[in-house]
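Some notes on the structure that comes next.
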Amino acid sequence: MKSLLVAAVALLLMVGCGINSTFVYKPGPPEAGGAKLPVKIAVLPFKDGTEDFTDRGSIFSGGHYNLAKAGIAATMTPLTPELWAKSFAEELAVSGSFRSARFLYSPSELADEDFFVEGTLTKAYIGKLWDDGNEFAISLRALARSDKRCVWEKEVSRAWKNTLALYKGCGGMAIQCMVDRHHADANRVMREMFVEAGADLVATLAALSGSRAGEDGLPPAASPGEARKDKGTSTPPAPESVEETIEKILKVK
């Protein structure tokens with residue numbers, strides 16, 4: 001198996017000039033039935049907290065590539081901290097869990113966002129041999145724009161190994177197919193991490209509001225006390241406005 005991987009990598013290096021190795025993140029579909037929050041989120045560029053190396057070891061003895069600092073020749077362009085931040089913002093936007101979610105290059109670009117997310121990419125390593133394994137990890141936190149108060153922190157990581165099954169159906173000389181499979185595998189792991197982080201962020205902000213989030217962008221539902229107070233009447237209590245819900249989240253200590 002090791003000899004097969006070495007041969008595959010060597011072949012990629014030899015024909016690399018004709019291969020499209022540009023990595024483009026592809027978010028998944030919205031999560032059905034998920035919570036909806038009437039808040040706006042911004043994601044700022046992540047910091048690089050990975051180890052200080054680009055290419056460690058060799059394809060013959062084993063080692064790792066640090067995708068945060070450099071790509072893999074003829075296989076994948078770098079997965080920089082900025083690319084991770086942009087991809088996370090894109091995943092949050094597609095999820096439909098917020099009024100809006102976007103990537104910003106600088107805090108000076110913040111406008112009417114209620115919260116902004118900062119992060120550090122701590123691991124972005126791809127093994128040179130199957131047994132070397134791969135590791136991705138990010139550390140995230142969300143702050144309220146109004147007073148820079150941290151309201152959420154989360155660390156997400158994944159460690160996994162590739163097998164020959166990754167190339168199933170590509171054929172011995174289908175180099176672009178092999179490259180595309182590597183990209184899809186990295187995309188899959190990144191999305192799993194983003195979905196986990198996004199769900200935790202939504203749950204935290206919903207809890208800060210003092211109630212579960214409503215559906216379709218509506219404010220949180222009435223509390224049990226409010227529901228009992230109006231029991232027996234034909235007119236339900238008026239829901240909070242979007243502005244009131246946001247103010248309640250921001251004022252929670």
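Overall shape: prolate for region 38-169, with the ratio a/c of the largest to smallest alpha carbon gyration tensor axis at 1.5 or above and a/b above b/c. Residues of region 117-153 with an amide N closer than 19 Å to a point placed 7 Å from the Cα of Leu166 along the Cα-to-Cβ direction: 123-138. In a simple Cβ point-charge model (Lys, Arg +1; Asp, Glu -1; nothing else charged), region 10-155 has a dipole of about 280 debye relative to its Cα centre. Using θ = phi - 60° in the Karplus curve 6.51 cos²θ - 1.76 cosθ + 1.60, the 3J(HN,Hα) couplings for region 101-117 round to 8, 8, 8, 10, 7, 8, x, 5, 8, 4, 10, 10, 5, 8, 9, 9, 10 Hz; x is entered for Gly and Pro. Tell me the relative contact order for region 55-107 as a rounded percent, counting alpha carbon contacts under 8 Å between residues six or more apart. Relative CO of region 55-107 lands at 18 percent.
Since every read-out is calculated from the coordinates, none of them should be taken as a lab result. All values derive from a computational prediction rather than experimental measurement. All Cβ positions, even for glycine, are placed from backbone atoms using ideal geometry, and neighbour counts span all protein chains on display.
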